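Below: one structure, written as structure tokens.
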Amino acid sequence: MIFCSQYVSEVVIGAPYAVGKDLLDHFKVDLVCHGKTEVFPDKDGSDPYAEPKKRGIFRTIDSGNNLTTDDIVQRIIENRLQYEARNEKKEAKEMAVIEAMKKRETQAQRTETIQTAQ
């Protein structure tokens, strides 16, 4: 976790996607880092790290982990689909048991009615 790193003095929470001059100057940023994942252009198509690169304070770092947010999202979707499929089967079994119990109760009532009528 970056908050615990001895090399980090401050982490800017909620920083804008594009790291501009104002942000760098205000916080007196010494280094801007990004992982090895793809850097997507800003809304206007520009490089969100243009200013830090121009200043020579941008570094690409290897986290040593190949897991990306896309991987995590995909796992959540897959697990959700499996969860839903499992619960649909479970619900179908429970409904079958309820129907069987209703039939058994109806048959017991008919048998009781016939025995009472005799």
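The values are calculated or read from the model by the stated rules, or taken from the named source; none is laboratory data. It should be emphasised that the depicted structure is a prediction, and the values quoted were computed from it without experimental measurement. Cβ: placed from backbone, ideal geometry, glycine included. Neighbour counts: every protein chain shown.
For the reader, a short list of remarks on this structure follows.
Yes/no per residue for (1) more than 25 Å from LEU67 (Cβ to Cβ); (2) touching a residue at least 24 places away in the same chain (Cβ under 8 Å); (3) in contact with a Cys (Cβ under 7 Å, 6 or more places away or on another chain):
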| site | (1), (2), (3) |
| --- | --- |
| GLN6 | no, no, no |
| LYS21 | yes, yes, no |
| VAL29 | yes, yes, no |
| CYS33 | no, yes, no |
| TYR49 | no, yes, no |
| GLY56 | yes, no, no |
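- Helices (runs of 4 or more DSSP H) wholly inside the stretch 18-118 containing at least 3 residues that are at pLDDT 90 or above and of a type in the set (Gly, Ala, Ser): 69-117
- Of note, LEU67 does not satisfy the criterion of being more than 29 Å from the chain's Cα centre (by Cα) and either of a type outside the set (D, E, K, R) or at positive phi (or both).
- The set of residues from the stretch 82-118 being within 40 Å of the chain's Cα centre (by Cα) and among the β-branched types (Val, Ile, Thr) comprises VAL97, ILE98.
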